[in-house]
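Only one structure is covered here, and it is reproduced in the block below.
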Amino acid sequence: MMERQSMRTQLMNILNVVNLGEKLKSELRHSWLSNGRQESVAEHTWRVSLMAMLIEPYLDQEIDTAKMLKMIIIHDLVEAEAKDIPAFDTMNNEQLREQKAQNEMKAIQRIRETLKGDLGRDVYDLWIEFEHKQTYEAKVANALDKLEAQIQHNEADISTWIEIEYEMSFMMGKHTDFSPVLTQLKELIEEEAEDKLQRAGIDVENRKSKK
């Protein structure tokens, strides 16, 4: 009876986090789809996971694929509470960057407390590992996260871009330079961005020189 009650309690905790995850279906990012609709965080996370599955056989080192996918799925879950803040908002704003980090830390701590036990600790540890970007799995997950965002921008109408994103299109190397394969993928994505900007009459060479 005690075991049944314990399992029921744990499943209720899991359901609470699943319910929290539903918010990511309506939490919008600063990215638009090719059909003109704004992208949700959940949609971004799904495609980063797809990219991870497809690129895994071509990576330069052996990787714990399950851990990588778990980190990808977990890392944006905090935005259900902390909200999505675009990178260009925090890039030159130390105060906002610190506030974002604090909000996200509080959110992952609440998720850990909701799940409790080993599961709560595992989810928390995966999120921290992603944030620190020290392990190979975390580096790949982070790189794919950044690359997917640029792919989505490439697919969207240029009118949805703001000016700082012209330069950000050529700033992904710091996230991929540890991996020749991801560097090649980054270069393909940059080529698409460059073509898009040129067709819009934007001075690409000037933007690339600032990267």
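For the chain, the Cα-based Rg and Dmax, in that order, read 18.6, 70 Å. Helical runs assigned H by DSSP (4 residues or longer) give the chain a calculated mean residue ellipticity at 222 nm of -21500 deg cm²/dmol, each run adding -39500 (n - 2.57) before division by the residue total.
Ordering of 50-58, 135-143, 6-14 by packing is 135-143, 50-58, 6-14, highest average first (other Cβ atoms within 10 Å, averaged per residue).
For an R0 of 22 angstrom, estimate the FRET efficiency from the Cβ-Cβ distance between residue 47 and residue 188 and round to the nearest 0.05. Computed FRET efficiency for residue 47 and residue 188 comes out at 0.85.
The dipole here belongs to the chain: it is taken about the Cα centre, uses +1 on the Cβ of Lys and Arg and -1 on the Cβ of Asp and Glu, and is about 700 debye. Which log10 I(q)/I(0) values does the stretch 1-71 give at q = 0.11, 0.16 Å⁻¹ under the Debye formula, counting every alpha carbon as one identical point scatterer? One equal scatterer on each Cα of the stretch 1-71 leads to -0.48, -0.79. Summarising the amide proton neighbourhood of residue 38: residues at separation of 5 or more, or on other chains, whose placed amide H is nearer than 5 Å comprise 33. Expressed in Å, the radius of gyration and Dmax of the Cα atoms of the stretch 172-211 are 11.2, 33. Report the label-to-label distance for residue 167 and residue 38 in nanometres (one decimal), using points 7 Å from each Cα along the Cα→Cβ vector. Going from the residue 167 label point to the residue 38 one covers 2.5 nm. Distances longer than 16 Å among the Cα atoms of the stretch 114-178: what percent of all pairs is that? Within the stretch 114-178, distances greater than 16 Å cover 58 percent of Cα pairs.
Distance between the modelled labels on residue 18 and residue 105, one decimal in nanometres: 3.2 nm (7 Å Cα→Cβ projection). Among the listed pairs 23/100; 116/146; 106/146; 23/106; 139/174, those with a Cα-Cα distance over 20 Å are 116/146; 106/146.
Read-outs: derived from the displayed coordinates by stated rules, not from any lab. In this text the structure is predicted, and so the values were computed from the model without any measurement. Note that we place each Cβ from the backbone using ideal geometry, even for glycine, and neighbour counts take in every protein chain shown.
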